[in-house]
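The structure appears right after this line, and notes come after that.
Read-outs: derived from the displayed coordinates by stated rules, not from any lab. All values reported here derive from a predicted model rather than from experimental measurement. Using ideal geometry, Cβ is built from the backbone for each residue, glycine included, and neighbour counts are taken over all protein chains shown.
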Amino acid sequence: MSDTVLFVDHKEMVLSTVNRLFADVNIKVLRAASAREALDFFGEQEIAVLVSDTQMSGTQGTDLMAEIRQLSPDTLKIVTTEHADLTVAVDAVNRGEVFRFIIRPWDNDELVHMIQEAVQHYRLVQSLKTGDEAALLSLAQTIELKDPYTRGHCESVARYALMIAGALHLPDEETGGIRQGSWLHDCGKIGVADNVLNRKGPLDEEEFELIKNHPRWGADVARQAHLSDTIVDIILHHHEKFDGSGYPYGLRGHAIPFAARVVTIADVYDALTTDRPYRNKFSDEKAIKIMRLMEGNVFDPEILDVFLYDCLKCK
């Protein structure tokens, strides 16, 4: 799987700077001074990320992006731009044509982080595209390694979610989507810094905003990998709340996709009954009492009843 990044810029000074900047980063860097030279690279090797200026001799950077979309649709595209061309860059991002943009002169640390994130995104999409269940579970387990407190979480969430699916006699196709979506529900966390995920205490506002991005990030990856709508819905909406106070979109009630409402219950139950960096686990009895208090605001009451009374056999 490729870790190759291609930088395209008509200024030799910029390309030289890039070489120095990534000398100690475990990413292969290629350089091109023109669109034609850049296109030649795509005929020779797999390229994970393309970083291009919006203005180059002989072509617009955005025109190059369009050609690359035909040649290598999974290659992630980052635009470097001056303030004067900012509208073009923002428009390209909004249309889904590019992954990110960065304003020149850029901050070196910001550029490196952005490209590392893009390479991770590319790797994840390629892994998910296999569609093989063993590969999907293995990938989910790899993501869990970022946070030792969540080891085994994806399988536990799947187990509880499948208990609900079984009690509701859901069709096999939906049950399969719930199983795989449960494994992958936190796949977007691969783009969140380890020091934020493993913080032993409350997150500040900026850190919490980073965490809140993980459902969108993961759903984007799942869409790129052409996974089912059920899986995408679970990844994107498992932090929505029944009263509309959740994220990322603040959906309310039955506007939240059904599969996501199922996995939310499984996710929270497993989180409450396992140790976390900020607290020790609760007993099963205490976790159930907490979840009953969340009925109707966090959880769909009907699905919660199925989980508590049919699956956990509460009295």
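The amide H of G244, built 1.01 Å from its N in the peptide plane, has G253 as neighbours under 5 Å, considering only residues 5 or more places off or on other chains. Residues whose amide H comes within less than 5 Å of that of D53, counting only those at least five positions distant or on another chain, are V8, T80 (H built at 1.01 Å from N in the peptide plane). Label-to-label distance for W106 and D24 is 1.9 nm, based on points extended 7 Å past Cα in the beta-carbon direction. Of interest is the spacing of the C-alpha centroids, which for segment 106-146 and segment 240-285 amounts to 24 Å. To the nearest 0.05, what FRET efficiency results for L168 and D275 with a Förster distance of 41 Å applied to their C-beta separation? The value I calculate is 0.85.
Scanning residues 5 or more positions from R276 or on other chains, those with amide H under 5 Å from its amide H are K281, with H placed 1.01 Å from N in the peptide plane.
Modelled label positions at D132 and A255, each set 7 Å beyond Cα in the direction of Cβ, lie 4.1 nm from each other. Each peptide among 177-188, 6-17 gets the average number of other Cβ atoms lying within 10 Å of its residues, and from highest to lowest they stand as 177-188, 6-17.
How far is it, in nm, from the label point at L210 to the one at D305 when both lie 7 Å from their Cα along the line to the Cβ? Rounded to a tenth, the inter-label distance reads 4.3 nm.
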